[in-house]
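Okay, so here's the structure we're looking at.
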Amino acid sequence: MITIGKLAKQCHVSVETIRYYQRIGLLRVPETTTNYRYYNDQDIETLSFIQKAKDAGLQLSEVQELLNLQMNDREQVRDVIQQRLEKIDQRIHELESLKIRLSTWIDECKTTTENCCPILKALKQ
């Protein structure tokens, strides 16, 4: 049994992060005992799960969905991850389009003979 400060330190997050996760229902709020809330090994595992899922690019709503699934819900877990992958692919496509647009602007800026900056001109249109 450890306090919130020790839990935060052990899991490399802030106390406020833990409290936020509790407010949104990702992490349980333990009962108060002698003016302290004590956390157990399951809380450490849950917090570790959350951090690993976030590191893998999952949003907190997706983490919540995964936390609610059972170990044998493989198809549902796969669906959550597949949906996230599709969102990532869409974002990559958006970023590639943005990169092309910005690169074009830089090239136009380098090669223009006009006095007006083509980048500012494009942004004002």
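Summarising the amide proton neighbourhood of Arg37: residues at separation of 5 or more, or on other chains, whose placed amide H is nearer than 5 Å comprise Ile4. Other residues lying with their Cβ under 15 Å from the Cβ of Asp107 contribute a combined charge of +2, Lys and Arg counting +1, Asp and Glu -1. The local environment of Arg78, defined by Cβ-Cβ distances under 13 Å, has a net charge of -4 under the rule Lys, Arg +1 and Asp, Glu -1.
When Met1, Met71 are arranged by Cβ crowding within 10 Å, least crowded first, meaning fewest neighbours, the order is Met71, Met1. Where only DSSP H runs of four or more residues are counted, the chain gives -22500 deg cm²/dmol as its mean residue ellipticity at 222 nm, each run worth -39500 (n - 2.57). Tally Lys/Arg at +1 and Asp/Glu at -1 over every other residue whose Cβ is under 10 Å from the Cβ of Leu7; what's the total? After counting each charged neighbour, the total is +2.
Among Asn40, Asn115, Asn68, which one shows the highest mean-square fluctuation when the chain is modelled as a Gaussian network with alpha-carbon springs under 10 Å? Answer for the Gaussian network model of the chain: Asn115. Computed on the chain, the Cα convex hull volume stands at 167 Å³ per residue.
A short reminder: the numbers here are calculations on the coordinates, not readings from a lab. Remember, it's a predicted structure, so these values are computed and weren't measured experimentally. All Cβ positions, glycine included, derive from the backbone under ideal geometry; neighbour counts span all protein chains shown.
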